[in-house]
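Just so it is clear, none of the values below were taken in a lab; they were calculated from the coordinates. Predicted, not measured: the structure shown is a model, and the values here were computed from it. Because the Cβ atoms are built from the backbone with ideal geometry, glycine has one as well, and the counts that use them run over all protein chains shown.
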């Protein structure tokens, strides 16, 4: 048979096409980097008006869904919007307190940003709102520069500045399609970060539950516990009793939701219920006289402008810059992940970069209309989805509810006892510590577990930003390690087939006489070139010692099918490997180099040096070719 | 035929072995990470005394070569040793001046460290000595804290401290086998860094050539040129004339070496010749009276101890720490690369980690015996190799020559004119700017060229450490980009074969009806999981639009042969991809998952979810399996 018997030249042809032009290769790389989802695919071959309309719909999604909006959809959105509004009021007040800013700012933040998101956002289910982790992060960072008790106005100004910076970063990342940065926050990091944040926020709430007056500005577990211990004389039994009672109510509602998912609305309105009960109680009982602090003054009226509050004073700017950067990353990672996971439930797609632009715009506009950082919190979004929302319009409904509250009802909430807010926050946070997920990581991937725990422990015992950076650092280290130590394996023939597979995985595979087949499974370049050389030479050394039949290796086949690219250091390493092996009378044969690798090997004259006849399209061809030259007489 | 006709169950068996234990997998990973060269391979099954001897020889290489040492080898080493000593004297004095420390320290540095290297070093050809780039780097960093003109003793102490730190870092990296860190300095970075350093060092030497008295402590091109311009009144024609004359002599010798490589020794001894001529001339002509500065006092005697000079004062420690860290990295990268490239010429192997230990020990001992940073400089090593050295003993010979010089001849060199030193440094540096290599990079790999130029321009116009970090940062960014945007390609059948190859590379390949075959060529994990999902869904969308025969995709085959590992985010993404495709009535089939991936897929129950019958060993098997279920009646 021709195919089995023939030497190299009769085997299947390898493509030695001239390399693509630099510009072609480069623009293809650029496209893969920034437009992996190819957003303009639909635009091809359309007329200009159609294109313009499509572009408008692409950049401003409201033009996509509003024209098809109808009464039936509206009824769904109305119900969902009211439900999330009832959640937004207690959450807004609570998280604002967590950020050490006036409670009304939390309400403002659920008025303007949802409107902006409704116009630019691409997720149907996402409900806009403030989140606990970012609230605490902003507070912890800005407190390093300004004490909110001593200079509340300056502190608030810096919070707005941080919000503006966060929005700008989100916008820039979205416009330049740098969603790739958010890719480096892995699920494991987020799980650990959320868990750690939830833990320290819970501990912080003990201040409110116990009714303490003095506390610590630090967020780590040790500081918080020792602050409680130091101020244990201030613990008020009235406050503690009420707090625990509220907590039990809230946890029961959560428990009910878990048992009967259809009753999710009970858990959704419980916080509002707790706030109302708390207000009534505080008003009738004159709670303040019994040592139960209340929210205090809450002015009527919608958001005042806050452009003049933005403060870029050199003396303080480092704090809002840091807070803005980290919250932007965390908020994006959380918001996009949440939007995406609900979209998948309905088999729809979310454009991460478009989401970033929407988040950026809503925070920029928010920062000049007295709002602080908002994103798409999980709890609110889940409620929105479960309440049956159909489009972004539910955010508009929530926004209108919030406007009415601000215009008419706000002063009523001034009686809200702080202990009720603490109970609400604590209850929300308890749900974010995902023990089972951490355990699952432990069972399935130890390194992911370490990354997760680094975030958790770092956040809990050092600080939120250190924990986050520690975890991301570890994850990137692992990524670099993957690069620096790529897997390579020895292949052998699976009996009765033309397949060559890893001998470790398929122990039954049979070696080919005088030939060693190695599979390289990664780009070869500077960070792993040295390792590759050592590893390949080691494979050869091993084989020479271990072949039973006294066979000496005469050919090393490198299966490059898995090598997606190669750089100059990589090519130089191949040259070195070839040199080292040829001295030992071992010939190097390449199998199936991919497009990019082949281009580089041609440009650097490597192919010319080893000869085109030493490059094969498949391992089988290569082995036939080698066999032929090992004992040509057999085939002649 | 069974094979073609059969459904999934008759195809070749995929291995669904139970996952390896965590400890097994982990220790195998550890070994690959830290012991890729498997240094203890020879130890297996040997008796204890043999093992002990081998271990001693492994850790202290002198025990390996000294027992077999003989007179013939010694004659070669003697000649080579004398030759490099003649180079070490002028280089030692010159580079010490470059580091702003007394000239005699440069001589000391060629006495103790070579002895240590001879004992612990594993490269036969490496010649130990000081290098220009590290000398300048130390000077530039320590000058930020202490002015060498105002407080020379403190300055010198900090130089010793930096040397100690550098040695400790090298030792630790070696002991913990962290050579992996040095892997991140690519050839392109080193080329750019060396070129940039050479350029600024050349410019610095204009001070000596012009005989200027005032100059700038900064190293960047702009500062240096403007300093020359500002002090142009001080330019002395006598100095300039002599400097240019020396430079011409040195360059002619270099030119001669390039034309007739056998005459390398002429170029090797020319610096010594220039120094001697300079000394005689300065002595006879009373050069100082004519405005030509000389080295000045050079005491007789070998290295005094300098342990008490080591200074860890908090006020200054940041500078030696920085200098120590960066010089350690650069010195290691240079020394190991050079040792390795000469070893390859003789088909021998260098153990990078062992080299680090040797470098570390020689700098630690050096720092307490009045030496400053040494490594394996290229020029000296090349001379050593060309002079025919056979073992590490040539370093011992050089060391003895240096001792004799220090004991008897040192005062003679006090007449060396600074202009001669400047000419020597300048001439050495001109050879380090590799235009042709940069051009080659430009032609073959644009991104490598950018990495190289970042180092060059950064060093030349900002500072040495910034340039280095910029370049390494870019290289790591590219590495992360490789991870974040791995290549994937559509495969199709090459006619008349069972091969499936990239359609972009092999345009003649033919699509399989109703089936899309995708090859994924990289680990799937958090940094690229999002991209992978987008990319795969995009492939499917494209195919649905482009298949001419109205075929709709019913199967997506994912060839995982190139996926060397997967993390939890990656598995979750596979689950999402499957979900998204199943909704569109497209089935996902996996082909040839590798060992580590299969383990993860089993542990996370993914295999169970999609069913074992959806996993195949080869694309051909998978297609047969799919065909069968597409139209079973054809096969029944």
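Listed values, structure above:
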item: Label point distance in nm, residue A:26-residue A:71, each placed 7 Å from Cα along Cα→Cβ; result: 6.0 nm
item: Rounded FRET efficiency, nearest 0.05, which uses the C-beta distance separating residue B:435 from residue B:150 and R0 of 60 Å; result: 0.90
item: Among beta bridges that DSSP assigns inside the protein assembly as shown, antiparallel share in %, nearest 5; result: 45 percent
item: Nearest-ten-degree value, helix A:393-404 long axis tilted from longest Cα axis of chain A; result: 20 degrees
item: Shape box of the protein assembly as shown [Cα atoms, principal axes, largest first, Å]; result: 106, 85, 70
item: Between 0 and 90°, nearest 10: helix A:352-367 axis offset from chain A longest Cα axis; result: 30 degrees
item: Chain lengthening between residue A:64 and residue A:230 when straightened (0.36 nm per residue, less Cα-Cα); result: 54.0 nm
item: P(r), alpha carbons of region B:486-635 - 5 Å bins starting at zero, rounded %; result: 2, 9, 19, 24, 22, 14, 7, 2, 0
item: Burial ordering of A:214, B:187, fewest other beta-carbon atoms within 10 Å first; result: A:214, B:187
item: Value of [θ]222 nm, deg cm²/dmol, for chain A, DSSP H segments ≥ 4, -39500 (n - 2.57) each, nearest 500; result: -19500 deg cm²/dmol
item: Whole-number percent relative contact order across chain B, with pairs defined as alpha carbons under 8 Å at least 6 apart; result: 23 percent
item: Ascending list, in nanometres, of distances separating the residue B:35 label from those of the other copies (7 Å, Cα toward Cβ); result: 5.1
item: Over region B:185-330: Rg over Rh, Cα atoms, Kirkwood Rh; result: 1.02
item: Average other protein chain Cβ within 10 Å of Cβ, residues A:559-571; result: 6
item: Between region B:434-512 and region B:532-567, the Cα center-to-center distance that results, in Å; result: 24 Å
item: Counting DSSP beta bridges with both ends in region B:486-635, the antiparallel % (nearest 5); result: 40 percent
item: C-alpha long axis of helix B:619-630 to longest principal axis of chain B, angle in °; result: 30 degrees
item: Label distances, nm, residue B:21 versus same residue in remaining copies, Cβ-directed 7 Å point; result: 6.0
item: Per-copy distances of the residue A:439 label point, shortest first, in nm (7 angstrom along Cα→Cβ); result: 6.7
item: Orientation-averaged projected area, Cα convex hull of chain A (nm²); result: 36.8 nm²
item: A:539, A:285 arranged by Cβ crowding within 10 Å, fewest neighbours leading; result: A:285, A:539
item: Cα centroid separation - region A:291-346 against region A:107-165, whole Å; result: 2 Å
item: Neighbour-count order for A:516, B:284, fewest beta carbons within 10 angstrom listed first; result: B:284, A:516
item: Of all chain B residues, the one whose C-beta is nearest the axis that brings B onto A, in angstrom; result: B:562, 2
item: Share antiparallel - DSSP beta bridges, chain A, percent rounded to 5; result: 45 percent
item: Computed over region B:486-635: relative contact order in percent, which uses C-alpha pairs under 8 Å that are six or more apart; result: 20 percent
